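Asker: Take a look at this one; I'll ask things after.
The values are calculated or read from the model by the stated rules, or taken from the named source; none is laboratory data. A quick note: this is a predicted structure, and the numbers were derived from the prediction, not measured. We place every Cβ from the backbone using ideal geometry, glycine too, and count neighbours over all the protein chains shown. Protein only, heavy atoms only, side chains kept; ligands, DNA and RNA dropped before computing areas. Shrake-Rupley method; radii C 1.70, N 1.55, O 1.52, S 1.80 Å.
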Amino acid sequence: MAHNNERAKEKMMIDHDNLEEFRDPETFDLEDEGYYDDYPLTEQWARSLGGPLLDLACGTGRMALRLAAQGYHVTGVDITPEMIAWARQKAAKQALSIDWVVADARTFHLQRQFPFIYMLENVFQFFLTRHDQEAMLARVREHLRPEGCFLFETRNPTPRNLLVGRRPEPQTFTLPDGGRLVITEQHYYDPMTQIQHYTRHFTFLHPGGQQEEKTLRVALRYVFPQEMEALLFYNGFQIRTCYGNWQQEPLAATSPSMIYVCQAR
């Protein structure tokens with residue numbers, strides 16, 4: 001009964017599958033281009049723990065491709081077939097061998113364990129209920145070697161993050177055909193569910209005057225620091241270290257992020 005209630009609550013929170021922005025991997029990469037903040041720390045832990053590596057919710061393979069190019073054996077898991085198909089094409093162009101798997105982070109079973117599992121770009125926020133969070137953490141524990149570590153990040157629920165949002169100003173990108181993409185977004189935060197609901201408007205301005213529009217929705221769950229400590233503890237993890245940004249500064253009230261490295265206890 002409790003399980004059914006949890007699922008019913010989840011359906012009431014959003015009326016979409018929360019994967020809309022991942023159906024177009026080329027546009028996703030356009031937005032993601034030039035983001036390198038998480039490279040140094042992730043690479044540091046990869047060097048410390050060794051491979052093979054599991055990139056959970058790997059998207060189009062931004063980090064998986066980079067680490068595979070450094071000689072690591074990488075497995076990339078993502079729920080969205082379009083993202084994995086695009087990642088596979090990118091790997092082929094670079095002659096990189098990566099194990100790509102289309103699977104849900106809450107239910108996958110690879111029958112393997114890894115010394116280092118990482119989940120980047122605030123993917124933790126896409127697990128909207130405690131049931132989802134715990135299902136994902138159970139799969140991480142299943143696939144983590146006894147002395148292995150799990151690195152992940154989520155946005156810190158600061159007043160700025162909750163009330164101002166991710167990108168308060170319009171964003172403009174150059175399209176492959178030389179045109180422009182303009183993205184604006186509106187959001188509202190529901191304090192009862194701790195979910196921030198976004199509506200994102202995409203305007204593609206192509207050469208020659210052709211224009212197309214699309215609107216996507218995304219919901220992101222915020223977890224507070226003390227809540228995260230309890231969540232990890234009661235799901236069998238201990239926090240090895242925690243940072244407030246990718247420069248490894250301590251987590252503080254104004255930190256933009258909460259970055260955890262944890263292991264099974």
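Asker: Tally Lys/Arg at +1 and Asp/Glu at -1 over every other residue whose Cβ is under 14 Å from the Cβ of Ala85; what's the total?
Answerer: Taking every Cβ under 14 Å from that of Ala85, the sum is -1.
Asker: Right, another one. Working out 0.36 nm times the residue gap between Arg217 and Thr129, then minus their Cα-Cα distance, what length gain in nm do you get to one decimal?
Answerer: Working it through step by step, the gained length comes to 29.9 nm.
Asker: What figure in square angstrom, to the nearest 10, would you give for the accessible area of His206 with a 1.4 Å probe?
Answerer: The value for His206 is about 40 Å².
Asker: Using only the alpha-carbon atoms, what does the stretch 223-265 span along each of its principal axes? Please give whole angstrom values in decreasing order.
Answerer: Here the spans come out as 27, 17, 10 Å, largest first.
Asker: Then there's this: If you rank Asp190, Asp32 by how much accessible surface each has, with a 1.4 Å probe, what is the order from largest down?
Answerer: The ordering from most to least exposed comes out as Asp190, Asp32.
Asker: Which value in Å is the Kirkwood Rh of the stretch 176-226 over different Cα pairs?
Answerer: So the Kirkwood estimate lands at 13.0 Å.
Asker: Please compute the net charge surrounding Phe150, taking Lys and Arg as +1 and Asp and Glu as -1 over other residues with Cβ under 10 Å from its Cβ.
Answerer: Neighbour charge sum, excluding Phe150 itself: +2.
Asker: Please report the relative contact order for the chain, taking Cα pairs under 8 Å with a sequence separation of at least 6, and give it as a percent rounded to a whole number.
Answerer: 17 percent
Asker: Still on this structure: What nm value, rounded to one decimal, do you get for the distance between Thr107 and Glu147 when each label is placed 7 Å out toward the C-beta?
Answerer: About 3.6 nm separates the two model spin labels.
Asker: Residues in the stretch 152-181, backbone N under 18 Å from the label point at Gln210 (7 Å along the Cα-to-beta-carbon vector): list them, ranges by number please.
Answerer: It comes to 174-181, nothing else.
Asker: Counting heavy atoms of the protein chains only and a 1.4 Å probe, report the per residue accessible area for the chain as a whole number of Å².
Answerer: I get 48 Å² per residue for the chain.
Asker: Compute the distribution of all C-alpha to C-alpha distances in the chain, in bins of 10 Å from 0, and list the percent of pairs in each, rounded to whole numbers.
Answerer: Going out from 0 Å in 10 Å bins, the chain shows 6, 28, 37, 23, 5, 1 percent.
Asker: Moving on. Would you mind telling me the share, in percent, of accessible area of the chain contributed by carbon and sulfur at probe 1.4 angstrom?
Answerer: 51 percent
Asker: A further question on this structure: Please give the calculated 222 nm ellipticity per residue for the chain, where each DSSP H segment of at least 4 residues contributes -39500 (n - 2.57) and the sum is spread over every residue; nearest 500 deg cm²/dmol?
Answerer: Rounded to the nearest 500, the figure is -8500 deg cm²/dmol.
Asker: For Asp37, what accessible surface area do you get with a 1.4 Å probe? Give it in Å², rounded to 10.
Answerer: 80 Å²
Asker: Right, another one. Each label point is 7 Å from the Cα along the Cα-to-Cβ direction; what then is the distance between the points at Arg180 and Arg167, in nm?
Answerer: A separation of 1.5 nm, rounded to one decimal place.
Asker: Just going by the charge dipole of the chain, with Lys and Arg at +1 and Asp and Glu at -1 on Cβ, which of Asn235, Thr254, His16 is farthest out on the positive end?
Answerer: Selected residue: Asn235.
Asker: What percent does the relative contact order of the stretch 64-180 come to when contacts are Cα pairs within less than 8 Å and at least six residues apart?
Answerer: 22 percent
Asker: Follow-up question, since we're still on this one. What length, rounded to one decimal in nm, is gained on full extension from Glu229 through to Gln248, with 0.36 nm per residue of separation minus their alpha-carbon distance?
Answerer: 5.0 nm
Asker: State to the nearest 20 debye the size of the charge dipole of the stretch 204-258 about its Cα centre, where the only charges are +1 on K and R beta carbons and -1 on D and E beta carbons.
Answerer: Magnitude of the dipole: close to 100 debye.
Asker: OK, next. Would you work out the charge dipole size for the stretch 131-183 about its Cα centre, treating the Cβ of every Lys and Arg as +1 and the Cβ of every Asp and Glu as -1, and quote it to the nearest 20 debye?
Answerer: 180 debye
Asker: So, counting K/R as plus one and D/E as minus one, what does the shell of residues with Cβ under 9 Å around Ile183 add up to?
Answerer: Taking every other residue near Ile183 into account, the sum is 0.
Asker: Rounded to the nearest 20 debye, what is the charge dipole size of the chain about its Cα centre when +1 sits on each Lys and Arg Cβ and -1 on each Asp and Glu Cβ?
Answerer: 580 debye
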